[in-house]
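Below you'll find the structure, written out as structure tokens, and then a few comments.
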Amino acid sequence: MDPVTLITFKDCPNAAPVRSALLLAAIPFNDVDQDTLEEHHALKNYTSPSILLGDQLIHGQKTDQGQPGCTFVAFDEKHVIETLRGKPLR
């Protein structure tokens, strides 16, 4: 299975519910805090929270800015968990 990566920044108000959903679903993931990354790190080009499955963006948005930003797409927990578990999408 491809690794799951949760990308957030400190004080992101939407990070905790997404992190909790992954933990409750027992999905192993790498927890990346953008504030600890080097200035031009590729993972800084995502909104918070974002979820990657390998290189595939499952939730969130990619940006060109390298600046923290909020994900404005609503978190669809069922869809995200099913996708991460490899279940077919409906």
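Quick look at the values:
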quantity	calculated
Magnitude of the charge dipole, the chain, Cβ model with Lys/Arg +1 and Asp/Glu -1, debye to 20	400
Pairwise Lys count, the chain - Cα closer than 22 Å, eight or more residues apart or different chains	5
By average C-beta atoms within 10 angstrom, highest first, the peptides 34-47, 1-14	1-14, 34-47
For Tyr46, residues with placed amide H under 5 Å, excluding near neighbours	Thr63
Over region 4-84 - Rg/Rh using Cα atoms and the Kirkwood inverse-distance radius	0.93
Rounded to 5, percent antiparallel among DSSP beta bridges of region 1-58	60
Potential lengthening between Leu37 and Ser20 on full extension [0.36 nm per residue; Cα-Cα distance subtracted]	3.9 nm
Leading residue at positive end of dipole, the chain (Cβ point charges), from Thr8, Gly69, Ile58	Ile58
Dipole magnitude (debye, nearest 20) for region 46-90, charges at Cβ of Lys, Arg, Asp, Glu	180
Charge sum, other residues only, whose C-beta stays under 12 Å from Thr36's C-beta, Lys/Arg counted +1 and Asp/Glu -1	-3
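Bear in mind that the values in this text are calculations on the coordinates, not laboratory data. Just so it is clear, the structure is predicted and the values come from calculations on it, not from any experiment. Note: ideal-geometry Cβ built from the backbone for every residue, glycine included; neighbour counts use all protein chains shown.
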